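Just so it is clear, none of the values below were taken in a lab; they were calculated from the coordinates. Bear in mind the structure is a predicted one, so any value in this text is a computation, not a measurement. When we count neighbours, we look across all protein chains shown, and the Cβ atoms used for this are built from the backbone with ideal geometry, even at glycine.
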Amino acid sequence: MTGTVLQLEHVEVGFATADGTVSAVSDVSLAVAEGEIFGLVGESGCGKTTLAMATMGLLPASATVRGAVRFEGNDLVGLEPEELRRLRGDRISMVFQDPMTSLDPAFPIGDQVAETITAHRDVDTKTARARALALLAEVGIPEPERRYGDAPHRLSGGMRQRVVIATALANEPALLLADEPTTALDVTIQAQVLDLLRGLRRRLRTTIVLITHDLGVIAQICDRVGVMYAGQLVEVAAVAEIFRAPRHPYTQALLAALPDQQQEPGSLRVIPGRVPNLVTPPPGCRFATRCPSVMDRCTVVPPLAHETPEHLIACWLSEATKRAADPAGAAAAGGAA
Amino acid sequence: MSGQVQAVDRVAPVPAAPPILEVTGLVKHFSTDRGLLGSGATLHAVDGVDLRIHPGEVLAVVGESGSGKSTLARCILRLIDPTAGRIVFDGRDVTELRGRQLAAFRQQVQPVFQDPFSSIDPRWRVGKSVAEALDAFQIGTKHERRERVLDLLDRVGLDPSLAGRRPHELSGGQRQRVGIAAALAPSPKLIVADEPVSALDVSVQAQVLNLLADLQRDLGLAIVFVAHDLAVVEHMSHRTAVMYLGRIVETGPTETVFRDPRHPYTKALLEAIPHPDPERQLTGGGLQGEIPSPIAPPSGCRFRTRCPVAIDRCATDDPAMTAFGDGHAAACHVAAATLPTD
Amino acid sequence: MSLAVASAAPARRSLWRRGILSSRKGRVGFAILVGLVAVAVFAPLIAPHDPNAIDASRILAPPDLAHPFGSDALGRDVLSRVIYAYRVSLGVAVGSTLLAFLVGVPLGLYAGYHGGWVDTVIMRPIDMVLALPAMLLAVALIAIIGPGTNISAIAIAVIYMPILARVVRSSTLVVASQTYIEAARARGTVNRKIIARHVFPNAVGPAIVQATVLMGFALQIEAALSFLGLGAQPPTPSLGSMLADGRDVLTQAPWVEIFPGLAIAITVLAFNFFGDGLRTRLDPKGVAR
C-alpha cells in the first residue's frame, strides 16, 4: 500500500474583504496517495485554486486558513514562512496556468531552471547547469543547448509551460500541484503537455494534484478526481467511476451540460440558478439552491462519506452520508445497506 | 463514438439564396517592428482565404493560436483593413468602404467577443452598452430605444431591470448575454462571434450556446463562429472551416468534416481533443512540434513541417483545394491523391 | 484565480465610504483640504485684522490672545497675513494645475488613442519640455515676461501640462487596447465619441490622482517663486515672501517664519493624503506617481 503524501483535514479558507468574509473553502478533507494523479475539478469560484494556494502557503495576508494540511506527515498550516519557503520548489512544487508570469522575462530559461536547483541543493553552478540541460531535454525542449540561453518571450506558450514544468521538477519534488497547466494552450499542444506529465509521473513517481475545470483533461490523465462546488468538496472517486456513475447531483449536472454532437442546439441541459454568494453562503449544502433533488435536510452540511471504499460523496441522498451523520440512528432504524 | 449523425433540427439555410457573405482571396499582413534596425518582417496573419456563408447558416472557423482566425474575424467586421482580397456582403463590395457606407454595413454585421470582462465598458450601465449601436446609428426615438433595450435584455434571458446595473455586478455569463444583446440591437443579418463561450464555465457555456442557437433559429441569423473548442463547434454549426497558419485547410458540412476529415491537420486536431470519457484515451502519438512562425511560413504546404504523411511534393507545391463532394474540400496533396482519377 | 461569484446585488455602499474616500488617509486629507479651502474662500470673514495694517507699536511682537501668530517686522498681524497669503497661494496652486489638466488631458488622450504620427507630433514637444528642470523653466519664463501672481500660475501650468499629458497617455494606451473599444467601433460609434465617452472616463483616474498631488507641489513652487521675489508682488501677501521676510528675523521672532512654513507643510501633506486616498479608488495599478 502506498503512503499518503498529502492529507487535508477540515480545511477552511476565508478571505477578509470590504463586503465581509468570503468563505472560499469550507471543510474540505481529502487524501492523496503517493504516485497518483489526483484531479480537482470545479467551475470558477469553487475554491480549487484557493485550496492549492493554501497548501503551498501562497495565500495573501487577508486569508485565514483553518484545519490541517499534512504533507509527509507534517502540518503545513502554521509553519514558519522560512520553512515553507524551503519546502517550495524542493519537496512541493506548483505549476500555474500562465507560463508567462511564472517565468522571469528578464532571465534565460536555462538559468531559471538552474536557479531552482542551487536554491535548494548544495551544488556548484556547473553541476546545476548540467542538470538543467538534462531537465530541458526531459521535458521535450528541442536543442536544449541552443535554447538554454533564450529569454522566455522567444518561446511559444507550450514551450514555456514545459520550462515551468522543468523548474517544478528540478528537485524531484514529492508533490506537484498543477493549476490549470494546459488551459492556456492550444489543444494539440495540450495533448503534448498532458503526455509529458503522464510520462514524468511514470518515470519519477511524482504525485500530482491537477486542478482544472476541463473534464476532458481529467478523463485523460487523472487516476482519481474530487469535485468541488462553491468551496465544498462534494464527490471523490476514481475517474472511470465518476464518468460512468456520478452520484452527486452537481457532478451529474456538470457532465450533462457538456456539449455533445448528439444534442440539438438549444437543448443543452443547464443548471438553473447561480453560484451562491460566498460572503453569506446558504447553510448546509451549497448546491441546495440549484439542486433538482433538494430536501429540507439539505440545510445541514452533509458529511463526506464512503459510498464504496473508493467512492466518497457528500449528499443526503446517499445512504452512506446518512449513516455517517447519524450512525446510531441509522443502526437503530436498521437502514438498508 | 460521436459519429452518430442525427437529423438535427436547426434552421436549414435557404438552399437557393445567394451567399450573404463572400470572402475571396483575403490577405492580411502586419509589418512587425522588431529590433533597432527599424521595420522588420511581415507577419502573414491571413494569407489567402476564401469563404462563403449563406443567410441563416452557422459557419464555424476553427484553428489554434497563429491560425489567423481572429484576424479573419476582424477583417470581416472591417475593424481592420485587409491587405488584399475582397469582401462582398449582401451583394455589395465592402472591402474599401468608409464613412456613412461603412456605418450602413456595420449595422448589418455585428461582433460578439470572447472576454465578457473587457468587452463591455465597466463604467457604462448595462442598458447604455446595449443601446450603443442604436445611439450611434440613430435608430428610433429615445423612447423606442429604451423599449428595445428592455426587449433585448429579455430576449437574451436577462431580467430587464438589469439595465440600470454596472457590469461588475453581473456574472461572466450575464455579461456575455449583454454583449449578445448589444450585438442584436441594430438587427444585423450576420454575427461574427470570436470565441463567444471560451471564457465561460461549462454550465454557463451551455446556457449561452442554447441562447445563441435559439436566437439563430428565431431571427434567421447567419453566424461566423470562431472557436478552438471542437466540441462546441460540432454542436453548433452547419459547416466548418479549419484554419492553419493563415489558410483554410479543410471546409465542409460539420458532420462530414468531423466524421471523415481529409486533411492531416484536421485529423490531428480531432485526435487531440481530450474527451470527457476515460475510455477514449488520447493515443499519445499526436502532433509533434510547434506551429511555425507566421513571419516565415514554410514553403509549399504550410503544414508539412508537422505533417505525419508529408511527401516530397509538399515542400514545393502549395496544395489547392480539392473537392470531395457535398461541399467538402481540403487542401492536401496526399488527400487529393485518394480521389479516383478520371 | 477568481473569487468572482455571482450574487444578488451587493449592498451599495455610499460613495464616501466605498468610493473616493475609502481610506482613512484620504478622509483626513480631504477634511483638512476642505478646511483650508474654506479659510481661503472666507478670508475676509476669518482674518481678525487687516493684513496690511502697519502698527509700529507691535513690531516683532510675540503671539498673544489678540494676535495668535504674533506680528512681523512692520507690526502686521501674522495670522491675518497668513490667511490672505494662503488665498493667493492656494489660488495659484489650484488654478495652475487645473489649467495644466485642461490642456494636458485632451492632448494625452488624442496621442494615446490615435498613436502613430499623431502621437509623435503631440508628444515629442511635450517630452522636450519634460526634459527641462521645472524650476529653471519657471524662472526663465518669469524672467522673460516679468513677475506676478498670474505669470507664476501660467509658468507652473506649463511645467505640469506635460506630466499630466504623459500620465493620461499611459492609461489611454491601456484603455484603448480593451475589447470594448473595438466593440464601440463595431457598434458604429465614431472616434471622437469613443474618446469622450469610453476612453476619457476610464483613463482619467490616474491623471486626477496625479493632479491632486501636483497641487501640493504647485503650492511649494509658488512659495519658492515668491520667496525669490518672482511671484506675487507686494503689497499682495504670499507665503513665499513671508518666508523670505521671516528669515531676517528668525532668531528674534521665529513665529514670523514658522507659521507660513507650517501652512505650506500642512497643505502639501493634506494634498498628498488626499491623493493617496484617491489613488486606491481611481488608480489601483499605480500609473500616476
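Couple of notes before you dig in:
- Cross-link partners of B:Lys267 among lysines, defined as those whose alpha carbon lies under 19 angstrom from its own and excluding same-chain residues fewer than eight positions apart: B:Lys69.
- For chain B, DSSP calls about 60 percent of its internal beta bridges antiparallel.
- Mean separation of Cα contacts under 8 Å (6+ apart) over length of chain C, as relative contact order %: 27 percent
- Take each peptide in A:190-197, B:98-105, count the other Cβ atoms within 10 Å of every residue, and average; sorted highest first, the result is A:190-197, B:98-105.
- Listed peptides A:37-48, A:208-219, A:289-300 appear in the order A:37-48, A:208-219, A:289-300 once ranked by packing, highest mean of other Cβ atoms within 10 Å at the front.
- Centroid-to-centroid, using Cα positions, the stretch B:41-92 and the stretch C:253-273 are 64 Å apart.
- Between the stretch A:102-127 and the stretch B:124-195, the alpha-carbon center distance in angstrom: 51 Å
- Along the axis of the charge dipole computed for the protein assembly as shown (Cβ charges of +1 for Lys and Arg, -1 for Asp and Glu, origin at the Cα centre), the listed residues C:Ser226, A:Phe287, A:Pro152 are led at the positive end by C:Ser226.
- When the Cα gyration tensor is reduced to axis lengths a ≥ b ≥ c, the ratio a/c is 1.5 or higher for the stretch B:141-215, and with a/b not above b/c it is classed as oblate.
- Percent antiparallel among DSSP beta bridges (both partners in the stretch B:191-314, rounded to 5): 60 percent
- As a calculated quantity, the FRET efficiency between B:Asp277 and B:Ser187 at R0 = 25 Å, using C-beta atoms, amounts to about 0.05.
- DSSP bridge pairs, the protein assembly as shown: antiparallel proportion in percent, nearest 5: 60 percent
- Model label points for C:Leu102 and C:Asn52, set 7 angstrom from Cα along the Cα-to-Cβ axis, are 2.8 nm apart.
- ³J(HN,Hα), Karplus 6.51/-1.76/1.60, whole Hz, each residue of the stretch B:160-165, x for Gly, Pro: x, 5, 5, 4, x, 8
- Model label zone, B:Ala17; criterion: amide N under 11 Å from point 7 Å along Cα-to-beta-carbon; scope the stretch B:178-200: B:189-190
- Rounded tilt (10° steps) of C:149-176 against the dominant C-alpha axis of chain C: 20 degrees
- Taken one residue at a time, the phi angles of the stretch B:70-85 give Karplus couplings (6.51, -1.76, 1.60, θ = phi - 60°) of 5, 5, 4, 4, 5, 5, 4, 6, 6, 7, 10, 8, x, 6, 7, x Hz. Gly and Pro are set to x.
- The phi-based Karplus calculation (6.51 cos²θ - 1.76 cosθ + 1.60; θ = phi - 60°) puts the 3J(HN,Hα) values of the stretch C:112-124 at x, 6, 7, x, x, 6, 4, 4, 4, 4, 7, 7, 4 Hz, whole numbers, x for Gly and Pro.
- In degrees, nearest ten, helix C:239-248 long axis to first principal axis of chain C (Cα): 40 degrees
- Euclidean distance between Cα centres, the stretch C:43-112 to the stretch A:187-244, Å: 70 Å
- Only lysines eight or more places from A:Lys322 in sequence, or on another chain, were considered; those with a Cα closer than 28 Å are A:Lys48.
- Close amide-amide hydrogen proximity is noted between A:Gln232 and A:Ser26, each under 5 Å apart and 5 or more residues distant or on a separate chain (H modeled in the peptide plane; Pro and chain starts excluded).
- The lysines within cross-link reach of B:Lys128, meaning a Cα-to-Cα straight distance under 27 Å and a gap of 8 or more places when in the same chain, are B:Lys142, B:Lys189, C:Lys193, C:Lys285.
- Peptide B:114-124 - average C-beta neighbours from other chains (10 Å radius): 5
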